[in-house]
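Have a look at the structure below, then the notes.
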Amino acid sequence: MTRQLADGPWDSTLSTGEFAAVAGVGFEPVGQVLGTAVFNLGNTGAWACPGAWTTVGGPSSPWDPSLAPLAKAVHAARRLAVARAVAECRTLHGDGIVGVRLTADPFPAGGTEFTAIGTAVRAAQSRIRPRQPFASHLGGQDFARLLHAGWVPTGLAFGVSLAIRHDDWRASGLTGRRRFARNQEVDGHTRLLGHVRREARARLALDARRHGGGDGVVGDGVVVDDICLDVRETECPGSGSARDLVAEAVFVGTSIARFGRSGRPATTGPLTIMRLEREH
């Protein structure tokens, strides 16, 4: 980063259209930034069959509502990768990162690699620099539209939730695993998916308030980028013949705030409109 700042040409992940849009709102790219973190994700917090000990929803509830240690580790890994990308942005004297792409892939030596990559940008004319650069998933065009509308990104926000449900005979009797299963709702599975979505959304809002701009600016709202829901089966630790259902919900978005918090909608300049059809 230091060598690139001193004498090297900048590179970016921006397309031609994105570059033009960023430049059109007074920003210029200063370089591509990358943050990565490799985590070992093994501790789920469930040491035995979840249906054997949990009491959520009643004494016979067959599902554990949270895998807190694993969810906390996934959130920490994403946050660390973004923080390292922001640190590179700061080294390049950037004001923020646009077009952040987040990935999570298996690492060849074991574990999971979390990566955040984007383009650091800098306000060309402003003499006031934020103490903490922002990070945003918004691409060049969307970043420009946001500024034109009177909003500014303050940071990436995450909401992660995991839950596990013991797939006991009650659930199996309502699904295709039983030969004469009827057409009806599997209410246990519905409650499991509803729970992880609601919890991930609540944690997204909490993260947006907690991780705002560097000058104490917190987000007024969140522009959501991606909502991922993953459902998988695992072998029940308490019974080799039964399966547990694990659901994971991940919300990713950009926290945004109004310019000056005046509450007045921003306006753009007048547009020139030309007739395209040929006159007769």
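None of the figures in this text is laboratory data; all of them are computed from the coordinates on show. All figures in this text were calculated on a predicted structure; none of them were measured in a lab. Here the Cβ is made from the backbone with ideal geometry for all residues, glycine too, and neighbour counts use every protein chain on show.
Structural remarks
- Shape call, region 120-170: gyration tensor on alpha carbons, a/c limit 1.5: prolate
- R0 of 51 Å, Cβ-Cβ distance Ser126-Asn183: FRET efficiency to nearest 0.05: 0.25
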